[in-house]
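Engineer: Pasting a structure here, questions to come.
The values are calculated or read from the model by the stated rules, or taken from the named source; none is laboratory data. For clarity, every value in this text was computed on a predicted model and none was experimentally measured. Note that each Cβ is placed from the backbone with ideal geometry, even for glycine, and that neighbours are counted across all protein chains shown. Each accessible area value is taken on the protein alone, full model and side chains, heavy atoms only, with ligands, DNA and RNA left out. Shrake-Rupley method; radii C 1.70, N 1.55, O 1.52, S 1.80 Å.
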Amino acid sequence: MERMKLYAWILIVAALVIQYFIARRRFNRRGVGGLQHYNSFEKAVVTGSLEKAGKWISILMLVSGLVILLMLWTDKKLVEKNREKVPTEQTRDSR
């Protein structure tokens with residue numbers, strides 16, 4: 001369970017790092033007028049496509065990490081609830 005929590009946090013942090021680097025590269029390409037400047041049309045197309053793919057992958061990583069954390073949290077709550085329920089059932093059986 002702890003290993004899954006670690007994997008979830010790694011996914012979340014990696015997704016945020018990817019999004020940060022993509023945003024920083026876009027910001028650094030902007031000129032005075034606010035437009036992105038490229039040396040050629042091909043570089044603009046390839047860079048734009050790779051950044052979109054990276055952005056979508058990072059979004060999927062972020063959502064996956066959050067879903068894993070949510071599943072672990074709900075599982076923990078159910079286990080705690082069942083632990084509280086078990087002793088009361090045992091005391092009824094002993095009577």
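Engineer: Going by what's in this entry, would L16 be described as part of a helix (DSSP H, G or I), among the aliphatic types (A, V, I, L, M), in contact (Cβ under 8 Å) with a residue 12 or more places away in the chain and within 30 Å of L70 (Cβ to Cβ)?
Structural biologist: So L16 fits the description; yes.
Engineer: A15 fails exactly one of the following numbered conditions: (1) loosely packed, with under 11 Cβ neighbours inside 10 Å; (2) within 18 Å of the chain's Cα centre (by Cα). What is the number of that condition?
Structural biologist: It is condition (1) that A15 fails.
Engineer: Anything in region 1-58 that is basic (K, R) and touching a helix residue (DSSP H, G or I) at 6+ places or on another chain (Cβ under 8 Å)? List them, or say none.
Structural biologist: Matches in region 1-58: K5, R25, R26, K55.
Engineer: Looking only at region 19-63, which residues are surrounded by 13 or more Cβ atoms within 10 Å (Cβ to Cβ), hydroxyl-bearing (S, T, Y) and closer than 25 Å to K5 by Cα?
Structural biologist: Of everything in region 19-63, just one residue is surrounded by 13 or more Cβ atoms within 10 Å (Cβ to Cβ), hydroxyl-bearing (S, T, Y) and closer than 25 Å to K5 by Cα, namely S58.
Engineer: Any residue in region 35-52 that's without any contact (Cβ under 8 Å) to a residue 24 or more places away in the chain and under 14 Å from R25 (Cα atoms): show its pairings with residues that are open to solvent by 70 Å² or more (accessible area, probe 1.4 Å) and not acidic (D, E) at Cβ separation under 6 Å, as long as the two are six or more apart or on different chains.
Structural biologist: Cβ pairs passing all conditions: Q36/R30; A44/Y38.
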